[in-house]
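The values are calculated or read from the model by the stated rules, or taken from the named source; none is laboratory data. Since this is a predicted model, take the numbers as computed values, not measurements. Glycine also receives a Cβ, built like all others from the backbone with ideal geometry; neighbour counts cover every protein chain displayed. Areas reflect the complete protein model, heavy atoms only, side chains present, ligands, DNA and RNA absent. Shrake-Rupley method; radii C 1.70, N 1.55, O 1.52, S 1.80 Å.
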Amino acid sequence: MTMNYAHTPVMLNECLSFVSDKDNVLFVDANTGEGGHSFAFLYRFHKLKVVCIDVDNVILEIAKKRLEQFSDRTYFYNEWSYDFFTGYPSELKRPDYILFDLGISFFHYKLSARGFSFEKNEFLDMRLDTKESGLTAADLVARLPEKELADLIYNNSGERFSRRIASFIACERQNSAITTTSALADLVQRAVPASYRHGPIHPATRTFQALRIAVNGELSGLHALLEAAFRSLEHGGKLLVISFHSLEDRIVKNFIKALNKNCICPQNAPICNCRGLRSANVLTKKGITPSKEELAQNPPSRSARLRVIEKISDGDSND
């Protein structure tokens, strides 16, 4: 299998192990990116049909080109995954597998010129969906009050120097606009203690992560997205989620935990009224982390965790 693309799909073999090749099976790649996972699934499973979703029309065109040899088994939707699942197309059967790879692709970091990385001097955009006139990272840096900016950085990344960073930003923007990746990265470096500048990661990493998450609503909309996807999933179908940081994984883990409960009534309820309708079986008790071989070949996978559940009920009495 030849894959001449820069982006390496994370935990590919682990994902493949949860899928079987049967007739009339539909796989939804809910964050298609450059199509790495979709390519592997289509190549391995000759009966499988794949729905590819991505809100970024530029990267979706890259995926279409990559997957053109499977054109008779692929469907492409250029929209947010939440919109797709809440308005699930009537022409499609319910999916048997849904994969969420919640990471940001190589394309966005290296080739999009949207300011996702501080390795190049670019405008602080960070929007996945450039068709809409949503707020950019530069807008947040320019407009948010200092306390709100500090809270955003801390809540979306756990950055322990969020207050100092927000204070430096607030002072700097009184003199000149902070609109580029280099300007923001340099400012963060000046804001943090000298010892922090020489740690294992660049001191601006968490600040950039926090802004990207805020711009694209990655955490605020994740639970609702998972709920919508689970509702559309076929009974006996599997939901696979790859997360890349603890804040993301906590939301996924809590979502799965709720589905796996035999009783979902409030703790102070005098009697059980939910009829004990457990909705899912957990297939990965603690989640799966990358193998030593993958870590050696693809170091960015180090923070990935795969969680998989199997749907057994919609969670209502009519199911």
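Worth pointing out:
- Share antiparallel - DSSP beta bridges, the chain, percent rounded to 5: 40
- Alpha-carbon Debye profile of the range 39-85, log10 I(q)/I(0) at 0.13 Å⁻¹: -0.28
- Here the scattering of the range 18-121 is modelled by Debye summation over its C-alpha atoms, one equal scatterer each and no solvent; at q = 0.14, 0.19, 0.21, 0.23 Å⁻¹ the log10 of I(q)/I(0) is -0.54, -0.92, -1.09, -1.27.
- GluC sites (Glu not before Pro) restricted to the range 100-138 and DSSP loop, no more than 11 other C-beta within 10 Å: GLU132
- Counting every C-alpha pair in the range 90-182, the share spaced more than 15 angstrom apart comes to 69%.
- Rounded Å value of the spacing that divides the Cα centres of the range 96-147 and the range 34-88: 21
- Rg followed by Dmax, in Å, when the range 159-242 is reduced to its Cα trace: 18.4, 59
- Applying the criteria of a DSSP loop state and at most 16 other Cβ atoms within 10 Å to the trypsin sites (Lys or Arg not before Pro) of the range 32-77 yields LYS47.
- Per-atom-type breakdown for the chain gives carbon and sulfur 49% of the accessible area (1.4 Å probe, protein chains only).
- The range 20-60: relative contact order in percent, alpha carbon pairs under 8 Å with at least 6 residues between: 50
- The residues of the chain expose on average 49 square angstrom of accessible surface per residue, using a 1.4 Å probe on protein heavy atoms.
- Mean projected area (nm²) of the alpha-carbon convex hull when the range 217-299 is viewed from all directions: 7.5
- With only the Cα atoms considered, the chain has a convex hull volume of 155 Å³ per residue.
- The Cα-based radius of gyration of the range 150-208, divided by its Kirkwood radius, gives an Rg/Rh of 0.94.
- Across the options PHE27, PRO203, PHE76, the greatest Cα extent toward the positive end of the charge dipole of the chain (unit charges at beta carbon of Lys, Arg, Asp, Glu) belongs to PRO203.
- In the range 219-307, trypsin sites (Lys or Arg not before Pro) in a DSSP loop with at most 12 other beta-carbon atoms within 10 Å: ARG275, LYS285, LYS286
- When the chain is treated as a Gaussian network with alpha carbon springs shorter than 10 Å, the biggest mean-square fluctuation among SER291, SER243, SER112 belongs to SER291.
- Protection proxy ranking for 92-104, 165-177, using the average of other Cβ atoms within 10 Å per residue and placing the highest first: 92-104, 165-177.
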